[in-house]
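What follows is a set of notes on a single structure, which appears directly below.
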Amino acid sequence: MIKKKKREVYALGQHICMSAHKARRVVDQIRGRSYEETLMILELMPYRACYPILKLVYSAAANASHNMGFNEADLVISKAEVNEGTTVKKLKPRARGRGYPLKRSTCHITIVLKNKSLDLAEEYSFI
């Protein structure tokens with residue numbers, strides 16, 4: 001039986017106070033790109049969603065280098081997804097003792113990094 005090496009590392013951010021639609025707009029731009037290119041894109045984009053996604057990408061890269069010993073130059077974002085989280089419901093006080101409902105949506109973001117050098121080595125090892 002042949003054992004395959006684990007090539008993927010992930011970071012998960014839960015209950016981020018932002019709508020999933022706004023976070024998906026940023027995540028769609030970085031999916032499939034290299035780690036260094038992703039950092040440049042996220043630092044220059046003007047959206048509020050970029051900061052928590054940038055923190056998750058940094059965290060996934062730190063997991064890759066510390067836990068698996070991967071080189072950060074060889075990392076590629078293989079999978080990035082945004083799911084809807086719970087909705088925080090609050091009441092805003094209004095005139096005459098009434099309450100106006102507020103709904104704060106949250107989202108869960110998953111960033112998966114893959115080592116592209118292992119993929120190339122695996123392809124050429126069978127030839």
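The values are calculated or read from the model by the stated rules, or taken from the named source; none is laboratory data. Quick caveat, the model's predicted, so the values are computed rather than measured. Cβ placement follows ideal geometry from the backbone for every residue including glycine, while neighbour counts extend to all protein chains displayed. Side chains included, ligands, DNA and RNA excluded: accessible areas come from the protein's heavy atoms. Shrake-Rupley method; radii C 1.70, N 1.55, O 1.52, S 1.80 Å.
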Identity of the residue in the range 37-54, free of Cβ contacts under 8 Å to residues at least 24 places away in the same chain and open to solvent by 100 Å² or more (accessible area, probe 1.4 Å), that ends up farthest from ILE77 (Cα to Cα): PRO46
Return yes or no: is GLU72 closer than 23 Å to LYS116 by Cα, out of contact with any Lys or Arg (no Cβ under 6 Å at 6 or more places or on another chain) and either open to solvent by 20 Å² or more (accessible area, probe 1.4 Å) or modelled with pLDDT under 95 (or both)? yes
If we keep only residues of the range 70-101 that are aliphatic (A, V, I, L, M) and in contact with a Ser or Thr (Cβ under 9 Å, 6 or more places away or on another chain), then the residue nearest to SER34 (Cα to Cα) is VAL76
